[in-house]
Each structure stands twice: as structure tokens, then as C-alpha cells.
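*Asks:* I have a structure here, written as C-alpha cells, and I will follow up with some questions on it.
Bear in mind that the values in this text are calculations on the coordinates, not laboratory data. All of these numbers come straight from a predicted model, not from anything done at the bench. Note that we place each Cβ from the backbone using ideal geometry, even for glycine, and neighbour counts take in every protein chain shown.
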Amino acid sequence: MRKMLTIADLKDLARRRVPTMFFDYADSGAWTESTYRANEEDFARIKLRQRVLVDMTDRSLESRMIGEKVSMPVALAPTGLTGMQHADGEMLAAQAAEAFGVPFTLSTMSICSIEDVSSVTTKPFWFQLYVMRDRDFVGNLIDRAKAANCSALVLTADLQILGQRHKDVRNGLSAPPKLTLPNLVNMALRPRWCLGMLGTSRRTFRNIVGHAKGVGHLSSLSSWTAEQFDPKLSWDDVAWIKERWGGKLVIKGILDEEDAHMAAATGADAIIVSNHGGRQLDGALSSIAMLPRIVDAVGDKIEIHVDGGIRSGQDVLKAIALGAKGTYIGRPFLYGLGAMGKDGVTTALEIIRKELDITMALCGKRNIADVDGSVLAQV
Ligand code: FNR
């Protein structure tokens, strides 16, 4: 097997190992995918400042995100259907993150449940909340996250209405996949994935099925989302969510200065500057383009994190230089998971850590805490 040196290497391998429907689910953005592309392209436009003859011994990437110690300022973003990239995907990714010393965020739309992940980890993970019309169910999800000792609730604010991703519509995305002839042929060409799925009982949305009222079966993500997600969700709802939860709260999906002010006023612990990886509003600006504007607006009021388009440790360094206290990767760890299971998630994190460490050193910094705008070149 080719040596995995970059996130792109993991992506190539995942494409060969994961059924097309689920690989495409990860590798897609809304409509024309212009925001999905911009997230990555805008990172490439930012240039670094080379510095020389600075003592580079004893470097450190250790940092804190919402007060939690992290071995580098990179968390795993919440991603739906992760257990379809690889059997038991959320459990494996959480274990890899825990061993690496970075936060894992479990999505509401995960295949493995809060309880499944909690049963295979020893340290607290984070839970991402989507708000449904059935508020009893939402309250119950919050209580389950509390019972599992989750140390942060990440409230996603940018998906009351699902942005259309054409690939998912064309592929008839469902979990588990419908056993049509094309799907069976596609899966048969990926025997490793099939064997994994046959060896697990976790093939549907276990946070939801059996918990939400009247949901005995849930296969189509888009139709369930359209029926259940609450389009009425507003800033007023944040207060009861915050109170019911009672712990650290992060608001995800902020891409505008005015919304950043509103989020800071809720008393949340952090915001994530995010456009959902380009999967929601196609035509929105990239996260990294908006980051400095949001840091200017509320950087003195609330901790700021960012996600979207991070594919290397260089990108992490650029985000930190532009004022983020923490970053998240979505697709990079999914590609690792699809390519090589838990080892692949660890490999993705190792690739990013190595790139971050080397880049920081070549920019003349020994400690991530000292990284600021001075590492960026004026172009
Ligand atoms: C996501 N994202 C996401 N966000 C969220 O709050 N809840 C979710 O269930 C999901 N599901 C999901 C599935 C997949 C396949 C992807 C790729 C993304 C968005 C995710 O948390 C994050 O914002 C982006 O993935 C960041 O962009 P990159 O790192 O993937 O470029």
C-alpha cells in the first residue's frame, strides 16, 4: 500500500474502500459546491512568513479549547453517518481522538449512539445537538449526553433546513443503504467494508431510532430532516437549551458578525465560525475569509473556533494566526476512517500534527501559544 503522507492520500484510499454513496456523502457540498471549494482555496491564498536562525528546540503544540487541555488545537467535527464510512465509525474515531488527546464531537445524526461511544471511551467527549420539533426528544438527548458525562454541548445553528447536495439525491442516500442491484454491485467491490458491516449491529441512527416518538425506522436522512428539524428554532431557544444542559456550550455555524454578537450575548463558551463544510448555503463566503472579521467583532467577548477546508497542519497554523483558539476537521478524519478505520483517523491526526509542528518551526515559533498574525506574509 502507498504510504499515507497527506490527507489527499487518505481520501484516495477511502474512495476505493467506501461505497460510493457514503464516500460521496462526505465529499459533497451544496448545489454548485462553490463554498465547499472556497473553504479550501482561500486557505491556499494565505501565505506564510519564513523566519530563520531561531532556536527551534522544545516545541509545543499543547493548547486549550474551552478550558480543556488538547495536544494540538484540532478537534474532530461532528459528522452524521460516520458509522457508514466504516463499521462502528464513531466509536473508533472517538477512541483515536481520545488516545491523541483531542476532542471528539458526536453528531446527533450518528450511527453509533451516545451510549455506544461512552461505553468504549474513558474521557468525556462532546455532543452536537440538532433541534427537532419534538422538544421532549431534544431534552432527552441533552439528558443522555449529560448522563454519558459529555463535557461540551455543540449546538448547530446552521441546519434548520437541509441544504441540497445533488450527489446525495442522485445516489438515493440512506442508512443502511437500500439493497438495489447497483448498490449491491458497488458494495461487493468493497469487501472490507461489507465484512465490517456484517460484523456490527450498528447500521442505523441509534441516537434517534427507538428514542424519538414514533420512529421505529429511519432510512432517508433528507426526508427525516425535512419532517423533524425545527425551522422555528431561534435565538430565544438557546436560553432553555443552555439551562437544561448546564455545562459548556458551543454554538456552531456562525458566519456573520451580527450573528456572532448575538451568539456572544447568549453567554455561550465559544462559537465555531463555520458554513457546515460548504454543505448548507452555497455562495456563502469561506470560513477562513470570515474568521478575521468575526475575531474583530467579538474576539474580546467569546472564544472563537473555526472549521471548513482544513486539510493540513499549515491550514491549522493559518487559522490560529488569524485568531482562532481552536479548529475542527470533518472530512480529513472521515477519509482516514474510510481508508483504514481507527488507524486511519490516527494517521490523519498524525499527518496534521507533523505538518503543524514543522510549519510552526519554519515560521520561527516554538510554541503554539505564541502564534499570531506575525507568521503571515503580507501579499
Ligand atoms: C458534516 N457536518 C455536520 N455538522 C454538524 O453540526 N452535525 C452533523 O451531523 C454534521 N454532519 C456532517 C457530515 C459530513 C459527511 C460532513 C463532511 C460534515 C459539518 C462538520 O461538522 C464541519 O462543519 C465540516 O465538516 C467542516 O469542514 P471540513 O473539515 O469537512 O472541510
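*Asks:* I'd like the GluC sites (Glu not before Pro) in region 13-85 restricted to DSSP loop residues with at most 15 other Cβ atoms within 10 Å, sorted by number. Intermediate results must be reported in sequence, preceding the final value.
*Replies:* On the way: sites: Glu33, Glu40, Glu41, Glu62, Glu68; in loops: Glu33, Glu62.
Counting only loop positions with at most 15 other Cβ atoms within 10 Å, the GluC sites (Glu not before Pro) in region 13-85 are Glu62.
*Asks:* Another question, then. 222 nm [θ] for the chain, helices only, -39500 (n - 2.57) per DSSP H run of 4+, per residue, to 500?
*Replies:* -13500 deg cm²/dmol
*Asks:* What is the extension gain from Asp58 to Thr122, computed as 0.36 nm multiplied by their sequence separation minus the C-alpha to C-alpha distance, in nm to one decimal?
*Replies:* On the way: separation 64, 0.36 × 64 = 23.04 nm, distance 2.94 nm.
Extra length from Asp58 to Thr122 when fully extended: 20.1 nm.
*Asks:* Please work out how much length the chain gains when fully extended from Gln378 to Asp12, using 0.36 nm per residue of separation minus the C-alpha to C-alpha distance, in nm with one decimal.
*Replies:* Numbers: separation 366, 0.36 × 366 = 131.76 nm, distance 3.39 nm.
Stretched out fully, the Gln378 to Asp12 stretch lengthens by 128.4 nm.
*Asks:* May I ask you to derive the FRET efficiency for Trp240 and His261 from their Cβ-Cβ distance with R0 = 22 Å, giving the value to the nearest 0.05? Provide the component values of the computation, followed by the final result.
*Replies:* Working: r = 21 Å, r/R0 = 0.94.
Efficiency for this residue pair is about 0.60.
*Asks:* With 27 Å as the limit, write out which pairs from Lys11/Lys47; Lys3/Lys178; Lys11/Lys248; Lys3/Lys167; Lys123/Lys342 have Cα-Cα distances beyond it, or answer none. Display every interim value, and only then the final one.
*Replies:* Working: Lys11/Lys47 25 Å; Lys3/Lys178 34 Å; Lys11/Lys248 33 Å; Lys3/Lys167 29 Å; Lys123/Lys342 17 Å.
Too far apart for the 27 Å limit: Lys3/Lys178; Lys11/Lys248; Lys3/Lys167.
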